[in-house]
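Single-structure report; data block below.
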Amino acid sequence: MEKLVKTNESLAHGNFSGADLSFANLSDADLRAANLSFANLGLTNLSGADLRFAYPIGASLVATNLSDANLSRAYLNYADLRGAKFIGAKLISADLSNATLLLALFIGADLRDANLTNADLSYTNLRYAKNLTPEQVKSAKNWDKAIYDKDFRAKLGLPPEPAK
């Protein structure tokens, strides 16, 4: 059951700190520079949303759909992003330091200059992520347990994935 319906209204610069927005439909929402710190956004639909410069510091975004969202320069540090979908998302210069990214999907996401320092990449799917460097990945925890495409595994010095 969705708590909010899709809105064309701008929520930019809004203060949603600590709010429970779980299960909300905020697809295509304008949340630029919104304060979402410690908010519960679990299972929320934020596909196509504009979250540039947003502050979801320490927020729960478990299993949230962020496909095609713009999270450039967003502050996602210490956020719980387990199982979140970032398919085709823009995370240019986003701060994902100390975030939990277990089982998150970054297929086709643009991670240019994103900060992954101490982020937990256990079983995170980074296949075909764009503008990702080995240095970014190796600054994270459990980077060797993440899922990469064949070419990027070679750049990281990892052996090929075992055949199934």
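The values are calculated or read from the model by the stated rules, or taken from the named source; none is laboratory data. No experiment lies behind these values; they were computed from the predicted model shown. Neighbour counts run over all protein chains shown; Cβ positions are idealised from the backbone, glycine included. Ligands, DNA and RNA are stripped out before the accessible areas are found, and what is left, the full protein with its side chains, is counted by its heavy atoms. Shrake-Rupley method; radii C 1.70, N 1.55, O 1.52, S 1.80 Å.
Worth a mention:
Yes or no, residue by residue, for (1) among the polar types (S, T, N, Q); (2) open to solvent by less than 30 Å² (accessible area, probe 1.4 Å); (3) touching a Leu at 6+ places or on another chain (Cβ under 8 Å):
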position: 68; (1), (2), (3): no, no, no
position: 71; (1), (2), (3): no, yes, yes
position: 79; (1), (2), (3): no, yes, yes
position: 84; (1), (2), (3): no, yes, yes
position: 91; (1), (2), (3): no, yes, yes
position: 97; (1), (2), (3): yes, yes, yes
position: 128; (1), (2), (3): no, no, no
position: 138; (1), (2), (3): no, no, yes
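- The lone criterion from (1) farther than 24 Å from residue 27 by Cβ; (2) open to solvent by less than 10 Å² (accessible area, probe 1.4 Å) left unmet by residue 114 is number (1).
- Residue within segment 106-124 that is in contact with a Phe, Trp or Tyr (Cβ under 8 Å, 6 or more places away or on another chain), part of a strand (DSSP E or B) and at negative phi present: no
- Note on segment 1-33: residues that are modelled with pLDDT under 85 and open to solvent by 90 Å² or more (accessible area, probe 1.4 Å) total 7.
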